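Visitor: Attaching a single structure in structure tokens format; questions to follow.
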Amino acid sequence: MVAALLAAAALVGVTPQQKAALLVVSGLPAAPGVGGVLVQRGTAAVARPPGALAYADQEGGEVRSFAGLPPAHAAADVRSAGEAYASGVATAAALRRVRVDVDLAPVLDLADGPLGARQFRSPLYAVAFARGLAAGGVGTCVKHFPGLGPLPASTDARLYDRGVLRDADIAPYRDAIEAGIQCVMVGHGIYRGLGTRRAALEPAAYALLRSLGFDGVAITDSLGILGSDMAPLWAVEAVRAGADLVLFTDGNDARRAVQALVPLARRGALDEHVRRVLRFRALLRERGR
């Protein structure tokens, strides 16, 4: 309730440029004013714009923005919910030391999906890891909604494969939402029966997520993979579909995306998304005290 009130109050006086920038997470180096920055291997020492939340992919094993920090083991090596929770707590402590606010983890894709060692043996372990991160004062963005299990390959490798969404793929997200998770990453999978577009650009995907009772922020998987030349269009299309945050690994793409979103901000089309983002930021401030 406090976070919601703060978000509503903070929206007063925010300019269209500021609203647009709040919805963009940018790779480093990043333009001033962006709502968030993605810290990757090789950019940890790059200066971050004041006020931007810092995000990182700290899943475990080979997928770590900070190779020397926990979790050392890949998700598939975790043997119990207790171990996952403790790993989340340790990861949060380490991320706070390097000034990271949000971990783009854990993966909720089922163990039969295409991501191999990045997938937990049980989604219950993934939710336990997320709870550990939260207990340690770091935000968590579970991914890749609505689940990569039906796809034959990772969307990082093959963007145009299609799958049939299963109830089992959605179930872990229900558990995560019930556990209080406030950020969900929407992936690039394309699903028969859900729509013709990849989930990050598909209105039906965001409608499905909200139908689960989720009232937090929905962030896209990196939109840069769809083509840098079209970055402004992808940002607009994703927000119109229902995304609250759009992610780009390249700072120049992010800068152009901000400018493309300004006309929507002038029409008031971003206000609902901005409120969610401001509430998320307020929750992180409360949790990090």
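Visitor: Which residue, of ALA94, ALA67, ALA90, ALA76, is in a helix (DSSP H, G or I), farther than 18 Å from ALA134 by Cβ and at pLDDT 95 or above?
Guide: Among ALA94, ALA67, ALA90, ALA76, only ALA76 is in a helix (DSSP H, G or I), farther than 18 Å from ALA134 by Cβ and at pLDDT 95 or above.
Visitor: Determine which single condition THR249 fails, assuming it passes every other condition in (1) surrounded by 16 or more Cβ atoms within 10 Å (Cβ to Cβ); (2) among the hydroxyl-bearing types (Ser, Thr, Tyr); (3) free of Cβ contacts under 8 Å to residues at least 40 places away in the same chain.
Guide: Among (1) surrounded by 16 or more Cβ atoms within 10 Å (Cβ to Cβ); (2) among the hydroxyl-bearing types (Ser, Thr, Tyr); (3) free of Cβ contacts under 8 Å to residues at least 40 places away in the same chain, the lone unmet condition for THR249 is (3).
Visitor: Which of (1) among the aromatic types (Phe, Trp, Tyr); (2) more than 27 Å from ALA200 (Cα to Cα); (3) within 18 Å of the chain's Cα centre (by Cα) is the odd one out, the single condition TYR85 does not satisfy?
Guide: Going through the list (1) among the aromatic types (Phe, Trp, Tyr); (2) more than 27 Å from ALA200 (Cα to Cα); (3) within 18 Å of the chain's Cα centre (by Cα), TYR85 breaks only (3).
Visitor: Could you tell me whether ALA81 is farther than 29 Å from LEU23 by Cα, of a type outside the set (Asp, Glu), surrounded by fewer than 23 Cβ atoms within 10 Å (Cβ to Cβ) and touching a residue at least 24 places away in the same chain (Cβ under 8 Å)? Spell out the reasoning first.
Guide: On the way: farther than 29 Å from LEU23 by Cα: yes; of a type outside the set (Asp, Glu): yes; surrounded by fewer than 23 Cβ atoms within 10 Å (Cβ to Cβ): yes; touching a residue at least 24 places away in the same chain (Cβ under 8 Å): yes.
Against the criterion (farther than 29 Å from LEU23 by Cα, of a type outside the set (Asp, Glu), surrounded by fewer than 23 Cβ atoms within 10 Å (Cβ to Cβ) and touching a residue at least 24 places away in the same chain (Cβ under 8 Å)), ALA81 qualifies.
Visitor: Determine, yes or no, whether ARG275 is farther than 14 Å from VAL102 by Cα, surrounded by fewer than 20 Cβ atoms within 10 Å (Cβ to Cβ) and in contact (Cβ under 8 Å) with a residue 24 or more places away in the chain.
Guide: Yes: the conditions hold for ARG275.
Visitor: In segment 278-289, what residues are surrounded by fewer than 14 Cβ atoms within 10 Å (Cβ to Cβ) and either in a loop (DSSP other than H, G, I, E, B) or at pLDDT 95 or above (or both)?
Guide: To start, the set of residues in segment 278-289 that are surrounded by fewer than 14 Cβ atoms within 10 Å (Cβ to Cβ) comprises 285-286, 288-289.
Passing the criteria: GLY288, ARG289.
Visitor: So, one more: On the given criteria, is LEU194 of a type outside the set (Gly, Ala, Ser), over 28 Å from VAL37 (Cβ atoms), more than 18 Å from the chain's Cα centre (by Cα) and part of a loop (DSSP other than H, G, I, E, B)?
Guide: Numbers: of a type outside the set (Gly, Ala, Ser): yes; over 28 Å from VAL37 (Cβ atoms): yes; more than 18 Å from the chain's Cα centre (by Cα): yes; part of a loop (DSSP other than H, G, I, E, B): yes.
So LEU194 passes the test.
Visitor: Also, quick follow-up: Looking at segment 252-272, which of the residues that are assigned to a loop (DSSP other than H, G, I, E, B) and free of Cβ contacts under 8 Å to residues at least 60 places away in the same chain is surrounded by the most Cβ atoms within 10 Å (Cβ to Cβ)?
Guide: Top of the filtered list is ALA269.
Visitor: Can you pull out the residues in segment 139-167 that are more than 22 Å from GLY224 (Cα to Cα), part of a loop (DSSP other than H, G, I, E, B) and touching a Phe, Trp or Tyr at 6+ places or on another chain (Cβ under 9 Å)?
Guide: PRO150, LEU165
Visitor: Further question: For segment 50-63, state whether one or more residues are more than 22 Å from ALA93 (Cβ to Cβ) and either modelled with pLDDT of 95 or more or in a loop (DSSP other than H, G, I, E, B) (or both).
Guide: There is at least one residue in segment 50-63 that is more than 22 Å from ALA93 (Cβ to Cβ) and either modelled with pLDDT of 95 or more or in a loop (DSSP other than H, G, I, E, B) (or both).
Visitor: Given the conditions (1) surrounded by fewer than 16 Cβ atoms within 10 Å (Cβ to Cβ); (2) under 21 Å from VAL102 (Cα atoms), and given that LEU223 satisfies all but one, which numbered condition is not satisfied?
Guide: (1)
Visitor: A follow-up question, please. LEU133: closer than 17 Å to ILE177 by Cβ, surrounded by fewer than 24 Cβ atoms within 10 Å (Cβ to Cβ) and either in contact with a Ser or Thr (Cβ under 6 Å, 6 or more places away or on another chain) or modelled with pLDDT of 95 or more (or both), yes or no?
Guide: No, not satisfied.
Visitor: Same structure again: Given (1) under 22 Å from CYS183 (Cα atoms); (2) part of a helix (DSSP H, G or I), identify the lone condition not met by VAL246.
Guide: (2)
Visitor: Of everything in segment 199-236, what is of a type in the set (D, E, K, R) and either in contact with a Cys (Cβ under 7 Å, 6 or more places away or on another chain) or at pLDDT 95 or above (or both)? Give them in sequence order.
Guide: Correct list: GLU202, ARG210, ASP215, ASP221.
The values are calculated or read from the model by the stated rules, or taken from the named source; none is laboratory data. Because the structure is a prediction, the values reported are computed rather than measured. Cβ sites come from the backbone with ideal geometry, for glycine too, and all protein chains shown count toward neighbours.
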